[in-house]
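Trainee: Take this structure, written in structure tokens, and hold onto it; I'll ask about it next.
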Amino acid sequence: GAGVSQSPSNKVTEKGKDVELRCDPISGHTALYWYRQRLGQGLEFLIYFQGNSAPDKSGLPSDRFSAERTGESVSTLTIQRTQQEDSAVYLCASSPRLAGGNEQFFGPGTRLTVL
Amino acid sequence: AQSVSQHNHHVILSEAASLELGCNYSYGGTVNLFWYVQYPGQHLQLLLKYFSGDPLVKGIKGFEAEFIKSKFSFNLRKPSVQWSDTAEYFCAVNAKSYNTDKLIFGTGTRLQVFP
């Protein structure tokens with residue numbers, strides 16, 4: 001596709017349930033990122049994938065959060081035993097690997113509401 | 001720790017007024033700097049970026065920003081705003097190291113432009 005796509009666009013779940021969010025990056029982009037945006041706050045880095053290198057997981061807030069990426073394609077972010085504080089918009093971005101600097105292209109986000 | 005500060009949380013202007021949004025960052029390494037914009041109902045998109053060279057960078061829709069290294073600043077400017085500039089604006093710094101390439105975002109500035 002032309003841009004980064006994410007699904008679902010909205011997800012409402014009950015506290016304690018697991019959720020899985022999906023990101024399809026721009027074709028050919030080797031880097032993929034997940035961010036979280038809580039209401040009234042800036043974007044918070046969660047995890048970074050670059051090719052086959054070990055991901056940077058330093059932004060994951062707890063062990064309930066995990067993410068996977070298959071090669072240089074789709075990524076899934078999983079939140080286990082969701083809590084109300086997990087309610088946020090989860091944004092995915094991808095970028096090509098260019099010398100000198102990389103612009104990140106963002107998807108539309110998944111709005112997660114935990115009741 | 002890396003951080004980005006946006007001093008203006010909410011700015012209200014009339015059309016044709018001049019705009020300057022402040023952004024200061026804290027990061028010891030080589031920086032790439034970005035301004036992203038989120039129009040109502042749309043996803044984040046790049047407004048402009050600084051990687052190297054001329055510290056005055058021009059972006060889309062008449063926006064520009066100046067990188068002042070000595071002040072750790074990257075303020076966004078537009079000489080005459082339009083109603084269509086109503087959006088949320090995010091400043092970000094690219095924190096690059098051997099194992100990561102994440103963006104550190106400010107908390108955003110909500111701009112409202114009235115006709």
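Trainee: Do we find that residue A:67 is open to solvent by less than 70 Å² (accessible area, probe 1.4 Å), small (Gly, Ala, Ser) and over 25 Å from residue B:108 (Cα atoms) in this structure? Steps first, answer last, please.
Mentor: Values: open to solvent by less than 70 Å² (accessible area, probe 1.4 Å): yes; small (Gly, Ala, Ser): yes; over 25 Å from residue B:108 (Cα atoms): yes.
Yes.
Trainee: Among the listed residues A:20, A:44, which satisfies the condition of being open to solvent by 80 Å² or more (accessible area, probe 1.4 Å) and part of a strand (DSSP E or B)? Before the answer, list the steps.
Mentor: On the way: A:44 fails: open to solvent by 80 Å² or more (accessible area, probe 1.4 Å).
Answer to the selection: A:20.
Trainee: Further, regarding this structure: Go through (1) buried (at least 18 other Cβ atoms within 10 Å of the Cβ); (2) touching a Phe, Trp or Tyr at 6+ places or on another chain (Cβ under 9 Å); (3) away from chain B (no Cβ under 12 Å) one by one and return the number of the condition residue A:88 breaks.
Mentor: (2)
Trainee: If you scan the range A:91-113, which residues turn out to be in contact (Cβ under 8 Å) with a residue 12 or more places away in the chain, crowded, with 18+ Cβ neighbours inside 10 Å and not polar (S, T, N, Q)?
Mentor: Quick first cut of the range A:91-113, residues in contact (Cβ under 8 Å) with a residue 12 or more places away in the chain only: A:91-97, A:102, A:104-113.
Narrowing further to those that are crowded, with 18+ Cβ neighbours inside 10 Å: A:91-95, A:102, A:104-110, A:112.
A:91, A:92, A:93, A:105, A:106, A:107, A:108, A:109, A:112, listed by residue number.
Trainee: Quick check on this structure: which one of B:33, B:47 is at pLDDT 90 or above, touching a Gly at 6+ places or on another chain (Cβ under 8 Å), part of a strand (DSSP E or B) and within 13 Å of chain A (Cβ to nearest Cβ)? Write out each step before concluding.
Mentor: Numbers: B:33 fails: touching a Gly at 6+ places or on another chain (Cβ under 8 Å).
Among B:33, B:47, only B:47 is at pLDDT 90 or above, touching a Gly at 6+ places or on another chain (Cβ under 8 Å), part of a strand (DSSP E or B) and within 13 Å of chain A (Cβ to nearest Cβ).
Trainee: Also, quick follow-up: Just to be sure before I move on: is residue B:90 at the interface with chain A (Cβ under 9 Å from one of its Cβ atoms), within 21 Å of residue B:25 (Cα to Cα) and at pLDDT 95 or above in the structure I sent?
Mentor: On the way: at the interface with chain A (Cβ under 9 Å from one of its Cβ atoms): yes; within 21 Å of residue B:25 (Cα to Cα): yes; at pLDDT 95 or above: yes.
Here the answer is yes, as residue B:90 does meet what is asked.
Trainee: Only one residue in B:15, B:66 is free of Cβ contacts under 8 Å to residues at least 12 places away in the same chain, over 18 Å from residue B:102 (Cα atoms) and surrounded by 13 or more Cβ atoms within 10 Å (Cβ to Cβ), so which one is that?
Mentor: Details: B:15 fails: free of Cβ contacts under 8 Å to residues at least 12 places away in the same chain.
Residue meeting the stated conditions: B:66.
Trainee: Could you list, in sequence order, the residues of the range A:29-58 that are facing chain B (nearest Cβ under 8 Å) and within 18 Å of residue A:79 (Cα to Cα)?
Mentor: Result: A:33, A:35, A:43, A:44, A:45, A:48, A:56, A:58.
Trainee: Here's something else I'd like to know. I want to confirm something. Restricting to the range A:70-85 and keeping residues that are surrounded by fewer than 21 Cβ atoms within 10 Å (Cβ to Cβ) and farther than 24 Å from residue A:29 by Cα, which single residue is nearest to the other protein chains (Cβ to nearest Cβ)?
Mentor: Pass one, the range A:70-85, residues surrounded by fewer than 21 Cβ atoms within 10 Å (Cβ to Cβ): A:70-74, A:76, A:78, A:80-81, A:83-85.
Then drop every residue that is not farther than 24 Å from residue A:29 by Cα, which leaves A:80-81, A:83-85.
Details: A:80: 23, A:81: 26, A:83: 22, A:84: 21, A:85: 18 Å.
Per the criteria, the residue is A:85.
The values are calculated or read from the model by the stated rules, or taken from the named source; none is laboratory data. Everything numeric here is computed off the predicted structure, so don't read it as measured data. Using ideal geometry, Cβ is built from the backbone for each residue, glycine included, and neighbour counts are taken over all protein chains shown. Only protein heavy atoms, including side chains, enter the accessible area calculation; ligands, DNA and RNA are left aside. Shrake-Rupley method; radii C 1.70, N 1.55, O 1.52, S 1.80 Å.
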